[in-house]
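Presented below is the structure to which this report refers.
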Amino acid sequence: GAGVSQSPSNKVTEKGKDVELRCDPISGHTALYWYRQSLGQGLEFLIYFQGNSAPDKSGLPSDRFSAERTGGSVSTLTIQRTQQEDSAVYLCASSFEQGHGYTFGSGTRLTVV
Amino acid sequence: GESVGLHLPTLSVQEGDNSIINCAYSNSASDYFIWYKQESGKGPQFIIDIRSNMDKRQGQRVTVLLNKTVKHLSLQIAATQPGDSAVYFCAENIRNNFNKFYFGSGTKLNVKP
């Protein structure tokens, strides 16, 4: 597609529920990243996918967080048993190759009530 | 650990004036830097980048300056316009660690008409 697409744009969920956030990267981009942005804060790295290599999961804050990327394209970030501190904007980005600037999606605003 | 921060959390300028947004980084192994602009409700947008073998790079109305001696990065916006109002982030990439960028907490630029 023309840009990085994320869905849903907004998600309100009850504490303890699981959520899935989706990212469609730009076609042909081999690298895909997930970041989290809390209100008024910078971006916190979560996870990185590059081609068929094992993902870099070093930024995932707990084992409630997981992500997968199917077929080297679409990625899903899953948060299990959501907590209020998970409330944030979750941003996905892709790039043609590693080490270069990303193109970000508009993010999914997650609110846990 | 890596640290990227900003000197001024909020900057107000008059339309037509030049703006300077500053960023400090702490890791001398950082060799690639990007400035992003984030408008409300949108993902960060790439503005300009610079590699550590350069000390200045110019784009359209924007200039990035890199001072490796003091580990300082700045973004200059010429003839600031209302459409420049946004949060600006600097991001740092560390040599041989292409998996992630480290982002500062951002500076909010307010352009007064």
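Name every residue in the stretch A:25-57 that is more than 19 Å from A:VAL89 (Cβ to Cβ), within 8 Å of another protein chain (Cβ to nearest Cβ) and open to solvent by 30 Å² or more (accessible area, probe 1.4 Å), in order of residue number.
Taking the stretch A:25-57 first, the residues more than 19 Å from A:VAL89 (Cβ to Cβ) are A:26-31, A:49-57.
Next, from what is left, pick out any that are within 8 Å of another protein chain (Cβ to nearest Cβ): A:50, A:56.
If the condition is that a residue be more than 19 Å from A:VAL89 (Cβ to Cβ), within 8 Å of another protein chain (Cβ to nearest Cβ) and open to solvent by 30 Å² or more (accessible area, probe 1.4 Å), then A:GLN50 is the only one that fits.
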* Structure fact -> For B:SER28, the lone unmet condition from (1) away from chain A (no Cβ under 14 Å); (2) hydroxyl-bearing (Ser, Thr, Tyr); (3) touching a residue at least 60 places away in the same chain (Cβ under 8 Å) is (3)
* Would you confirm whether any residue within the stretch A:69-87 is within 27 Å of B:TYR88 (Cβ to Cβ), of a type in the set (Gly, Ala, Ser) and within 14 Å of another protein chain (Cβ to nearest Cβ)? => no
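Can you tell me how many residues in the stretch B:86-113 are over 14 Å from the mean Cα position of the chain (by Cα) and either open to solvent by less than 60 Å² (accessible area, probe 1.4 Å) or away from every other protein chain (no Cβ under 14 Å) (or both)? Break it down stepwise before answering.
Start the filter on the stretch B:86-113 by keeping residues that are over 14 Å from the mean Cα position of the chain (by Cα), which leaves B:94-100, B:110-113.
With the extra rule that they be either open to solvent by less than 60 Å² (accessible area, probe 1.4 Å) or away from every other protein chain (no Cβ under 14 Å) (or both), the set shrinks to B:94, B:97, B:99-100, B:110-113.
Going through the stretch B:86-113 one residue at a time, the tally reaches 8.
Residue under question is B:PRO44, and the condition is that it be out of contact with any Ser or Thr (no Cβ under 8 Å at 6 or more places or on another chain) and exposed (fewer than 15 other Cβ atoms within 10 Å of the Cβ); does it hold? Steps first, answer last, please.
Details: out of contact with any Ser or Thr (no Cβ under 8 Å at 6 or more places or on another chain): yes; exposed (fewer than 15 other Cβ atoms within 10 Å of the Cβ): no.
The answer is no for B:PRO44.
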* Is it the case that some residue within the stretch A:2-20 is closer than 17 Å to B:PHE46 by Cβ, at pLDDT below 95 and away from chain B (no Cβ under 13 Å)? -> yes
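The values are calculated or read from the model by the stated rules, or taken from the named source; none is laboratory data. Note that this is a predicted model, so its numbers are computed, not measured. All Cβ positions, even for glycine, are placed from backbone atoms using ideal geometry, and neighbour counts span all protein chains on display. Note: areas computed on protein heavy atoms with side chains; ligands, DNA, RNA excluded. Shrake-Rupley method; radii C 1.70, N 1.55, O 1.52, S 1.80 Å.
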